[in-house]
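The next block holds one structure in the form of structure tokens; read it before the comments.
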Amino acid sequence: MKYRKRKYFLAGRINLIQRSKIRELFEKASKMKDVISLGIGEPDFETPTVIKEAAKRALDEGYTHYTPNAGIPEFREAIAEYYHESYSVNVDPSNIIVTAGAYEATYLAFQSLLEAGDDVIIPDPAFVCYVEDAKIAEAGILRIPLREENKFRIDPDELVEMITKRTRMLVMNYPNNPTGAILDKKSARAIGEIAEDYNIYILSDEPYEHFLYEGAKHYPMIKYAPDNTILANSFSKTFAMTGWRLGFTIAPVQVIRDMIKLHAYVIGNVTSFVQIAGITALRDKRSWEAVRKMRETYDERRRLVIKYLSKMPHITPFRPKGAFYIWVKIDPDLGMSSEDFAEWLLEAARVVVIPGTAFGKHGEGWVRISYATKKEQLTEALERMHAALSKI
Ligand SMILES: Cc1ncc(COP(=O)(O)O)c(C=O)c1O
């Protein structure tokens, strides 16, 4: 069949979404030979066998039908149990909705809580989806800068300064993509108190909670502002399950009820046998053993990359304690913007890194490197980078 050439009338809303600026870089890279990408934000590991087996079994057992919109009750119980055991947080299954990854959780939060006339405070730099979600929700966007001198944490004083009557929500994401920064208990408490005092929501996106190093701990925001927090989490990174599309949200029951209304007509429910496999992921010791091994491997790579980067001229890495990214500062004397640098590195070393500006204007002067890449490839990429930078 051939489509006729005609003009398609599309909703203006769709034009609000900006396709990623780094697409051109990836397109260029895909046409070149022998390129190593350190741009990828997804685990290079396989999903643990015990989880795969559980999904296969669930299919054979007939989990091929619709499930309740909010998710299979036993799975929601397993999530509640997990928060109780890991963080001594008591949540009821009625506070939980199973979503198609953290992406859907975030989208639902923006759509159900914000409208024209409301403002949302989004960190800068930040993971790319929040700004686009805010635009579709017609919310006003304020960016709170994350600064190196503050270890890329949100400054509570600066946050208070930014809050107005229009402010409805603050977005948080720790461990952080793109900086690898982590949250500390003091900031978690302070930000939680601010949210309560000014009655604003916190959308806390926490998919990297298990990738913490150097003894760092995770502080889930539902512990610090339970009545105000919408927690988004995911199995994508924790269990290397990006393709499965499995995540969840925890929030006050009134919020969950509204989110379910939208979810029911978009997704209906998350794939039934995937949810059953999710129960195994949370309850079986073998899946946690696999997570422990992944964390150890990431940590080994993290130290390796920092060691290499620290010896290179013209760049300085921020020492991250979370996620699987390294945020690298470009020496201003080079006179290259983040995009110039990423393009130059692709040409000169055939290595892909993400320009910091993809995450906001405060990302200017930085690039993001992902170490969710096999050690041999990482080492090769770092050696190429070192050689290219030494020639400048
Ligand atoms: C901070 C952050 N939030 C959300 C997502 C989306 O993940 P999911 O696969 O759970 O939808 C990602 C993926 O890279 C991420 O880095």
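Just a few scattered comments:
- Between segment 282-312 and segment 128-166, the alpha-carbon centres lie 30 Å apart.
- For segment 49-284, the Cβ-based charge dipole about the Cα centre amounts to some 360 debye (Lys, Arg positive; Asp, Glu negative; other atoms uncharged).
- Angle in degrees between helix 375-390 and the longest Cα principal axis of the chain, rounded to the nearest 10: 40
- Acute angle (nearest 10 degrees) that the helix 338-349 long axis makes with the longest principal axis of the chain, alpha-carbon atoms: 60
- Three-way shape call for segment 49-284 based on the alpha-carbon gyration tensor, with the a/c threshold at 1.5: prolate
- Placing a pseudo-label 7 Å from each Cα along the Cα-to-Cβ vector at Ser88 and Asp333 gives an inter-label distance of 5.1 nm.
- Between segment 313-392 and segment 85-107, the alpha-carbon center distance in angstrom: 34
- Label-to-label distance, Glu161 versus Thr316, with points set 7 angstrom from Cα along the beta-carbon direction: 2.3 nm.
- Of the residues Ser338, Ser370, Ser310, the one that moves most in a GNM of the chain with alpha-carbon contacts below 10 Å is Ser310.
- Hits among lysines - C-alpha to C-alpha of Lys186 under 21 Å, sequence gap 8 or more where chains match: Lys151, Lys217, Lys223, Lys321
- Relative packing of 38-45, 54-61, which averages over residues the other C-beta atoms within 10 Å, highest first: 38-45, 54-61
- Among beta bridges that DSSP assigns inside the chain, antiparallel share in %, nearest 5: 50
Coordinate-derived values only; no laboratory data. Source: prediction; values computed, not measured. Every residue, glycine as well, gets a Cβ built from its backbone with ideal geometry; the counts of neighbours run over all protein chains shown.
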